[in-house]
1. Once R0 is set to 22 Å, what does the formula 1/(1 + (r/R0)^6) return for the Cβ-Cβ distance between residue 181 and residue 155, expressed as a FRET efficiency to the nearest 0.05?
2. Using only Cα atoms, what Kirkwood radius does the chain have, in angstroms?
3. What nm distance separates the two modelled labels at residue 1 and residue 14, each placed 7 Å from Cα along Cα→Cβ?
4. To the nearest 10 degrees, how steeply does helix 21-35 sit against the main Cα axis of the chain, on a 0 to 90 scale?
5. Using 0.36 nm per residue, how much length does the chain from residue 124 to residue 62 gain when fully extended, once their Cα-Cα distance is taken away?
6. Please give the residues of segment 112-156, grouped as numeric ranges, whose backbone N is less than 18 Å from a label point set 7 Å along the Cα-to-Cβ vector of residue 166.
7. Rg and Dmax of segment 109-209 over Cα atoms: what are they, in angstrom?
8. Mind pulling the angle between the C-alpha long axis of helix 112-124 and the longest principal axis of the chain? Nearest 10 degrees, somewhere in 0 to 90.
């Protein structure tokens, strides 16, 4: 109030021959935060889980009550964290909690730029399988695609998603790549290394090929497989 009062007095002294009430009104709306040196936003939204409102009409089980309380606690922790100043353990910069990353399963936390760099190194190296939380050495929680997407840019996430999909395909015994168009082909009802049935048919380019030698399908004739 003292700071606001001093600034309003200055406006009055600089405009003694003019109506000052309108100047005060416009100045408070446009410059009050600057005068008070307020740069962060204040969330005044009332958070009241709808499930609690419903519980006034319908009796909840103990498990539902526990889940509701836990979710509410996590929500409040996020709000408090977003307005807190955190020292990143990697770069040692002081940043707001809303600019940090946490898996929320461990107490570890680091700034998003450091986490982004960590994820980009792994994704560029093709190490996309089972990426664990990097904020705590003892945390073995695997990061979800949604958590990774919230940190890296769109292009990097597309690469991560593509590599992860390719790893999943490569681990399946009933999937093989078409030697012509390189699209995955499903080998229905058999293994891709089955010697009794070596026919593969690509649904994308209609190419029929041998699943062993990867050349055009040759029926019962022997193929020349690399040894």
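Read the figures in this text as sums done on the coordinates, not as results from a lab. Quantities reported herein were computed from a predicted structural model and do not represent experimental measurements. Ideal geometry is used to build each Cβ from the backbone, glycine not excepted, and the neighbour counts take in all protein chains shown.
1. Efficiency, rounded to the nearest 0.05: 0.35.
2. 24.3 Å
3. Result: 2.5 nm between the two label points.
4. Rounded to the nearest ten degrees, it is 50.
5. Gain on extension, residue 124 to residue 62, equals 17.7 nm.
6. From segment 112-156, the list is 120-131, 155-156.
7. When restricted to the Cα atoms of segment 109-209, Rg and Dmax are 18.1, 56 Å.
8. So the helix axis and the longest Cα principal axis differ by about 10 degrees.
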